Amino acid sequence: MTNSTNTEKAFELATEQYESLGVNVTRALERLREVAISVQCWQGDDVVGFEGNDGALGNGLAVTGNYLGRARTPDELRSDLELAYSLIPGNHRLNLHALYGEFNGPVDRNEIGVEHFAGWMDWAASQGVKLDFNPSYFSHEKASDGFTLSNADSGIRQFWIDHGIATRKIAAAMGAAQGNPCINNFWVPDGFKDTPASRKAPRERLAASLDQIFAEALPAAHTLDAVECKLFGIGSESYVVGSHEFYLGYAISRNKVLCLDAGHFHPTEVISDKISSVMMYVPELLLHVSRGVRWDSDHVVTYTDELQAIMQEIVRGEFLERVHIGLDFFDASINRVAAWAIGTRNALKAVLAGLLEPTEQLEQLEQSGDYTARLALMEEQKMMPLGAVWDYYCQTSGVPVGAAWLEKVREYETSVQSLRSSELGTANA
């Protein structure tokens, strides 16, 4: 019996088990095929970008490890991404940061334009990949004191305001070209290492700067503005201007997309518990799915309880149409393409687990007050044959089943990544 036949047989048995609980497996897979994960470009090159600088990170960003084969050019990064997408079932997106343009010479961030991302747009169209975007408010001389849009210096503030305005125009052009909104996510790392004398003034300046950036109304069919909150960071342990409360209020009052990053909160605080609350008040939600270990360390996404809880909340709340799922991790201690494959496949597995849950039955038990049966069914659900359905989904999507994808990464590492200059390919420690 071939591996393909084994996968189909296992899927048939799994389908019977799920259907005994009233779960429509066929419908679950149909819905999963519609889920597009926004894969982060910065995993492929350790958040260095293509501005031609020395690749030194700043503003609380750090990448550990020095695994061979870091992408050093847009073409190398695109090659790595093509392999990663070939290992992941479904059709997914790419999340680009502004420092990844093709500049061909010095271009400061307040001067970037659509022309610097034309190559990315052409590549995305050829690959059937939709683009998302981000301004880059870090690793720049005008961010060296830890403040950008909330800086007390009006000249520096204006520089970063102009950068934000430029990125919105780029995102709108991307969305118009791809016929699908490009989400432009604003993460601003401003903050103090120690206790500030005024928490109010920087937040007033940040709100005023954002209002200037968003002053021009752009078509929602082309781009959506998102704002991302954070509790703390390296170098801003005591105070981050753009806190959760700040951006929740800003998103509600300005009708913006709110971005929740799984690593941006207290180590014992989870974003799965926030989803149903914030969705009552914001039009749409962007998630940066990550895995913080003790701090906002952006580890590769693994199949954790919290990952499953995040996706359960999206499915249970019927939020799939209003929640945009993106990834945010960067690890230079392992093969970077493998990191994309592991993290994205795990995110999709968790979505599938949520879709295969007998949600209606669980809610009926809850409404009837039968909490005993609710708990029993939730626990029994954990042993259902999710893996058999996942393997079938991979097989029918034309991607490797199980860990077979790892061999393709090994071959690529030997034939492509290992040939890249070790001197140019070093990561930031």
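The values are calculated or read from the model by the stated rules, or taken from the named source; none is laboratory data. As the structure is a computational prediction, the values presented were derived from the model and not from experiment. So basically every Cβ, Gly included, is an ideal-geometry build from the backbone, and we count neighbours across all protein chains shown.
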> Just one of the numbered conditions (1) more than 25 Å from GLU284 (Cα to Cα); (2) small (Gly, Ala, Ser); (3) assigned to a helix (DSSP H, G or I) is not true of SER236; which one?
Replying inline: (3)
>> Could you tell me how many of the residues in region 195-217 are within 16 Å of HIS163 (Cβ to Cβ), in a loop (DSSP other than H, G, I, E, B) and either touching a residue at least 24 places away in the same chain (Cβ under 8 Å) or among the β-branched types (Val, Ile, Thr) (or both)?
In response: 2
>> With the structure loaded, tell me whether THR268 is hydroxyl-bearing (Ser, Thr, Tyr), more than 21 Å from TRP42 (Cα to Cα) and surrounded by fewer than 19 Cβ atoms within 10 Å (Cβ to Cβ) or whether it fails that test.
In response: yes
> Within the group ASN180, ASN151, ASN104, which residue is part of a loop (DSSP other than H, G, I, E, B), free of Cβ contacts under 8 Å to residues at least 60 places away in the same chain and under 20 Å from LEU81 (Cβ atoms)?
Replying inline: ASN180
>> So, restricting to helices (runs of 4 or more DSSP H) that lie completely within region 1-94, which ones have at least 1 residues that are in contact with an Asp or Glu (Cβ under 6 Å, 6 or more places away or on another chain) and modelled with pLDDT of 95 or more?
In response: 3-19, 74-86
> Among the listed residues ASP305, ASP273, ASP328, which satisfies the condition of being of a type in the set (D, E, K, R) and within 22 Å of TRP42 (Cα to Cα)?
Replying inline: ASP328
> Pairs, please: C-beta under 6 Å, at least 6 apart or cross-chain, first residue in the same structural domain as SER79 (by TED's automatic domain parsing) and in region 402-414, second in a helix (DSSP H, G or I)?
Replying inline: TRP405/ALA341; VAL409/VAL337; VAL409/ALA338; TYR412/LEU83
>> Of all residues being modelled with pLDDT under 95 and of a type in the set (S, T, N, Q) in region 106-152, which is surrounded by the most Cβ atoms within 10 Å (Cβ to Cβ)? Just the residue, please.
In response: SER139
> Is there any pair linking a residue in region 63-80 that is among the aromatic types (Phe, Trp, Tyr) to one that is surrounded by fewer than 20 Cβ atoms within 10 Å (Cβ to Cβ), with Cβ under 8 Å and at least six apart or on different chains, and which?
Replying inline: TYR67/SER333; TYR67/ILE334
>> Return the residues of region 364-377 that are over 30 Å from CYS394 (Cβ atoms) and part of a helix (DSSP H, G or I); say none if nothing qualifies.
In response: GLN364, LEU365, GLU366, GLN367, TYR371, THR372, ALA373, ARG374, LEU375, ALA376
> What single numbered condition from (1) in contact with a strand residue (DSSP E or B) (Cβ under 6 Å, 6 or more places away or on another chain); (2) farther than 14 Å from LYS256 by Cα; (3) among the small types (Gly, Ala, Ser) fails to hold for SER150?
Replying inline: (1)
> Within region 63-75, is even one residue among the aromatic types (Phe, Trp, Tyr), surrounded by 15 or more Cβ atoms within 10 Å (Cβ to Cβ) and farther than 29 Å from SER418 by Cα?
Replying inline: no
> Tell me, which residue of region 322-362 that is polar (S, T, N, Q) and part of a helix (DSSP H, G or I) is surrounded by the most Cβ atoms within 10 Å (Cβ to Cβ)?
Replying inline: THR344
>> Going residue by residue through region 139-146, is there one that turns out to be among the polar types (S, T, N, Q), closer than 16 Å to VAL39 by Cβ and touching a residue at least 24 places away in the same chain (Cβ under 8 Å)?
In response: no
> With (1) in contact with a Phe, Trp or Tyr (Cβ under 9 Å, 6 or more places away or on another chain); (2) closer than 22 Å to LEU61 by Cβ as the list, and GLU313 as the residue in question, which single condition is left unmet?
Replying inline: (2)
> Quick check, is HIS92 surrounded by 19 or more Cβ atoms within 10 Å (Cβ to Cβ) and under 20 Å from the mean Cα position of the chain (by Cα)?
Replying inline: yes
> In this structure, is ASN184 in contact with a helix residue (DSSP H, G or I) (Cβ under 8 Å, 6 or more places away or on another chain), of a type outside the set (A, V, I, L, M, F, W, C) and farther than 20 Å from CYS259 by Cα?
Replying inline: no
>> For region 302-313, check the following and say yes or no: at least one residue is in contact with a Leu (Cβ under 6 Å, 6 or more places away or on another chain) and either under 22 Å from ASN91 (Cβ atoms) or surrounded by fewer than 22 Cβ atoms within 10 Å (Cβ to Cβ) (or both).
In response: no
